[in-house]
Amino acid sequence: MTENGWMAFSILIAAIFTDNILLTNYLGMCSFLSVSKEIKTATGLGTAVVFVMTCTTVINWLVYYYILMPLDLGYLYFIVFIVVIAAFVQLVEMIVERVSEPLYYSLGIFLPLITVNCAILGACLFMIIRNYGFLSSLAYGFGAGVGWALAITCMAGIREKMAKVKGKIPKGLEGAGITLIIAGIMALAFIGFSGTMNIR
Amino acid sequence: MQIHKIKKIISDGLGKNNPVFYQILGICSTLAVTNVLKNTLVMCLGLIFTTALSSMTVSFMRKHIPTRVRMMVEVLIIAVYVIIVDLVLKAYAPDISRQLGPYVGLIITNCIVMGRAEGFALSNPPGESFLDGIFSGVGYSYVLLTIAFIRELMGSGKIWGIQVLGDWWTNWSIMVMAPGGFFMLAIFIWIVKGYIIKDKEVKKA
């Protein structure tokens with residue numbers, strides 16, 4: 001494999017495991033806490049995030065290096081990125097609605113949630129700050145999405161099991177509290193991966 | 001503006017209606033920097049500035065924003081203020097700006113800023129919206145500052161970068177890593193919710 005390809009591969013693995021965007025950077029917490037009650041919805045949202053994140057990191061990379069940089073408008077990147085994300089999500093929603101109804105009901109209903117998901121914008125900003133090349137950005141966007149989906153699916157699995165033992169959780173911890181503690185333990189488990197791959 | 005209205009805004013922002021306790025909104029962008037107190041304070045000031053001014057601007061324009069595109073307009077207004085914060089930090093505090101990295105930009109997607117613009121500023125006059133923005137920002141900040149204080153103290157034995165705990169203290173490195181943030185926030189919510197539940201039971205009885 002070429003050096004570039006090898007680097008992109010290591011970024012892909014690192015973004016999923018050692019540098020999970022949710023468990024080490026706390027991004028995308030809002031939807032993580034509210035949509036992780038059932039495995040089915042969690043995987044639906046997870047898939048949507050993987051797709052949108054991969055596409056938007058690539059589009060934003062192109063926009064940043066081929067439009068903003070030559071025009072010396074680098075400082076505008078926050079605004080441009082968020083507009084690109086919002087427009088892309090809107091577009092995908094419209095296309096999915098027209099093309100396939102089952103897909104719309106399994107995936108499309110999650111799309112509006114994604115515009116305000118901090119993980120998407122976060123991935124785009126990380127990619128610029130870490131100076132990734134095109135291939136690495138693609139790998140990072142995909143990896144970060146998969147990592148997020150993995151975390152939310154695991155969490156939904158745990159919460160489905162937990163719903164069966166109602167009454168054993170202290171009242172003040174029910175809902176968000178216990179979810180955060182589980183997330184903390186998951187983050188601890190993911191620390192076990194650290195050192196295997198490096199993100200930079 | 002009447003006094004009781006202002007009082008209500010203040011108590012809503014700081015007290016039990018604080019969005020952090022109720023729906024755990026908006027922790028994404030700030031929780032990540034709570035391992036160092038100084039960075040947290042800078043982030044919180046940026047957030048208060050953004051919330052207050054974007055709420056005020058949205059409120060000024062509320063009669064001219066078409067409902068269909070209002071989310072987009074709100075996001076753009078918020079993004080403008082976040083860019084100002086980012087540029088100011090880059091110019092006057094480049095070290096902190098580098099440490100905060102992408103998190104300043106992520107104030108844009110912070111649910112609290114958006115929530116105040118959407119939930120309060122769209123239906124209230126500018127002055128009140130400005131105050132509301134400040135106090136919900138402050139209400140959010142004290143939660144995060146408390147978390148940051150404990151994490152920095154236990155994780156590295158420091159407060160504001162100054163060593164306060166002596167050699168006898170063994171650093172809990174878990175506190176400065178990601179799980180520490182999750183655990184601290186959970187404990188904080190547990191305590192506050194416990195009080196709210198107790199309060200309700202007392203009122204019922």
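The values are calculated or read from the model by the stated rules, or taken from the named source; none is laboratory data. These numbers come from a predicted model, not from an experiment. Using ideal geometry, Cβ is built from the backbone for each residue, glycine included, and neighbour counts are taken over all protein chains shown. The area values use the complete protein model at the heavy-atom level, side chains included, leaving out ligands, DNA and RNA. Shrake-Rupley method; radii C 1.70, N 1.55, O 1.52, S 1.80 Å.
Can you pull out the residues in the stretch A:1-36 that are of a type in the set (A, V, I, L, M, F, W, C) and closer than 13 Å to A:ALA139 by Cβ?
At the first step, the residues of the stretch A:1-36 found to be of a type in the set (A, V, I, L, M, F, W, C) are A:1, A:6-9, A:11-17, A:21-23, A:27, A:29-30, A:32-33, A:35.
A:MET1, A:TRP6, A:MET7, A:ALA8, A:PHE9, A:ILE11, A:LEU12, A:ILE13, A:ALA14, A:ALA15, A:ILE16, listed by residue number.
For the stretch A:41-61, a residue qualifies if it is farther than 14 Å from A:ILE82 by Cβ and either β-branched (Val, Ile, Thr) or free of Cβ contacts under 8 Å to residues at least 24 places away in the same chain (or both), and the qualifying residues are A:THR41, A:THR43, A:THR47, A:VAL49, A:VAL50, A:THR54, A:VAL58. Quick one: is A:CYS124 more than 12 Å from chain B (Cβ to nearest Cβ), closer than 20 Å to A:ALA14 by Cα and part of a helix (DSSP H, G or I)? Against the criterion (more than 12 Å from chain B (Cβ to nearest Cβ), closer than 20 Å to A:ALA14 by Cα and part of a helix (DSSP H, G or I)), A:CYS124 does not qualify.
From the list A:CYS124, A:CYS118, the lone residue that is open to solvent by less than 20 Å² (accessible area, probe 1.4 Å), at pLDDT below 90 and more than 16 Å from A:ILE16 (Cβ to Cβ) is A:CYS118. Residue selection: B:VAL138 fails the criterion of being within 12 Å of chain A (Cβ to nearest Cβ), within 18 Å of the chain's Cα centre (by Cα) and in contact (Cβ under 8 Å) with a residue 12 or more places away in the chain. When the residues of the stretch A:63-116 are filtered to those that are touching a residue at least 60 places away in the same chain (Cβ under 8 Å) and within 14 Å of chain B (Cβ to nearest Cβ), the one that is farthest from B:MET71 (Cα to Cα) is A:TYR64.
Counting residues that are touching a residue at least 12 places away in the same chain (Cβ under 8 Å) and open to solvent by less than 60 Å² (accessible area, probe 1.4 Å), which helices (runs of 4 or more DSSP H) fully inside the stretch B:1-106 reach at least 3? Steps first, answer last, please.
Numbers: elements: B:3-14, B:19-23, B:28-31, B:37-60, B:70-92, B:94-100.
Passing ranges, in order: B:3-14, B:19-23, B:28-31, B:37-60, B:70-92.
Please go through the stretch B:156-174 and give me each residue that is more than 20 Å from B:VAL42 (Cα to Cα) and either touching a Phe, Trp or Tyr at 6+ places or on another chain (Cβ under 6 Å) or of a type in the set (A, V, I, L, M, F, W, C) (or both), ordered by number.
Restricting attention to the stretch B:156-174, the residues satisfying the condition of being more than 20 Å from B:VAL42 (Cα to Cα) are B:157, B:163-174.
Across the stretch B:156-174, the qualifying residues are B:GLY157, B:VAL164, B:LEU165, B:TRP168, B:TRP169, B:TRP172, B:ILE174.
Counting residues in the stretch A:61-83 that are under 18 Å from the mean Cα position of the chain (by Cα), within 19 Å of A:GLY122 (Cβ to Cβ) and not hydrophobic (A, V, I, L, M, F, W, C) gives zero. Within the stretch B:149-183, the residues that satisfy the criterion of being open to solvent by less than 20 Å² (accessible area, probe 1.4 Å) and more than 9 Å from chain A (Cβ to nearest Cβ) are B:ARG151, B:GLU152, B:GLY155, B:GLY157, B:MET175. Going by the conditions given, is A:ALA151 open to solvent by less than 10 Å² (accessible area, probe 1.4 Å) and part of a helix (DSSP H, G or I)? It is true that A:ALA151 is open to solvent by less than 10 Å² (accessible area, probe 1.4 Å) and part of a helix (DSSP H, G or I).
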